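First up is the structure itself, then whatever we jot down about it.
The values are calculated or read from the model by the stated rules, or taken from the named source; none is laboratory data. On a predicted model such as this, the values are computed, not experimentally measured, just so you know. Cβ coordinates were reconstructed from backbone atoms using ideal geometry, including for glycine residues, and neighbour counts include every protein chain displayed.
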Amino acid sequence: MERKPRKCPVCGGEIVDIIYGTGDMTEPEFLLEYRREGILGGDNIPRRPPIWACACGCKRFRKVNPDGTDAPVKVKMLKNIRKRPLTIIEFTTANVEEAVIARRFDDIHHYRIYITTEYGERETLRVSALDERDARDEAVVLVLEGRFGLRGTRCVEMTLKKE
């Protein structure tokens, strides 16, 4: 391939980058920590490395020149990957799911929550909840469960902003 394909010619799936230097990390761990789609290539980089793959893993693609010879490529290494912000994910509380089932859409509010953990780590969450207390409780549980790759498990400071 001369450039990244739009979709897989085999299954029609999404094409994602192959990330090398991942060690024993699993794809769910990568997705949770970096919030990116990708196929993990492990620590060993082949001589002619593929740099893209179908999201389901059915086909891998290498970059080649127009004459068919291998093009020099720079593989994506885990150490160079930046985490995407948590604000791309909107979390919902169980109370919101109940309100949707009961068709009480006016009761649902959206919050941006700025948290600081006991280690001084700062993160921003988006939460759909029925009220501020419901949103705060959800943020506390998400941090306590270690869902974001943070070292801290306790919120020492939390600020809510209604969207």
From the options Thr93, Thr124, Thr116, residue that is in contact (Cβ under 8 Å) with a residue 12 or more places away in the chain, outside the structural domain of Glu33 (by TED's automatic domain parsing) and surrounded by fewer than 15 Cβ atoms within 10 Å (Cβ to Cβ): Thr124
Condition met for Ala102 (of a type in the set (Gly, Ala, Ser), out of contact with any Cys (no Cβ under 7 Å at 6 or more places or on another chain), touching a residue at least 40 places away in the same chain (Cβ under 8 Å) and surrounded by fewer than 17 Cβ atoms within 10 Å (Cβ to Cβ)): no
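For (1) under 16 Å from Lys59 (Cα atoms); (2) surrounded by 13 or more Cβ atoms within 10 Å (Cβ to Cβ), each residue gets a yes or a no:
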position: Lys4; (1), (2): yes, no
position: Cys8; (1), (2): yes, yes
position: Gly12; (1), (2): yes, no
position: Val16; (1), (2): yes, yes
position: Thr22; (1), (2): no, yes
position: Leu32; (1), (2): no, yes
position: Gly42; (1), (2): no, yes
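Looking only at residues in segment 14-60 that are in contact with a Lys or Arg (Cβ under 9 Å, 6 or more places away or on another chain) and modelled with pLDDT under 90, which one is farthest from Gly146 (Cα to Cα)?
This residue is Arg48.
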Out of Gly42, Gly68, sole residue that is of a type outside the set (Phe, Trp, Tyr) and in contact with a strand residue (DSSP E or B) (Cβ under 8 Å, 6 or more places away or on another chain): Gly42
Residue check for Val143: more than 20 Å from the chain's Cα centre (by Cα) and without any contact (Cβ under 8 Å) to a residue 60 or more places away in the chain: no
Hits in segment 1-59 - residues which are charged (D, E, K, R), on the phi < 0 side of the Ramachandran plot and assigned to a loop (DSSP other than H, G, I, E, B): Glu2, Arg3, Lys4, Arg6, Asp24, Arg36, Glu37, Asp43, Arg47, Arg48, Lys59
Within segment 82-128, considering residues that are of a type in the set (Ser, Thr, Tyr) and in a strand (DSSP E or B), the one nearest to the chain's Cα centre (by Cα): Thr124
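Considering each of Leu86, Leu78 in turn, give the residue that is more than 30 Å from Asp134 (Cα to Cα), surrounded by 15 or more Cβ atoms within 10 Å (Cβ to Cβ) and not hydroxyl-bearing (Ser, Thr, Tyr). Can you show your working first?
Numbers: Leu86 fails: more than 30 Å from Asp134 (Cα to Cα).
Step by step, each of Leu86, Leu78 is checked, and only Leu78 is more than 30 Å from Asp134 (Cα to Cα), surrounded by 15 or more Cβ atoms within 10 Å (Cβ to Cβ) and not hydroxyl-bearing (Ser, Thr, Tyr).
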Lys63 being out of contact with any Ser or Thr (no Cβ under 7 Å at 6 or more places or on another chain), farther than 24 Å from Pro28 by Cα and surrounded by 15 or more Cβ atoms within 10 Å (Cβ to Cβ): yes
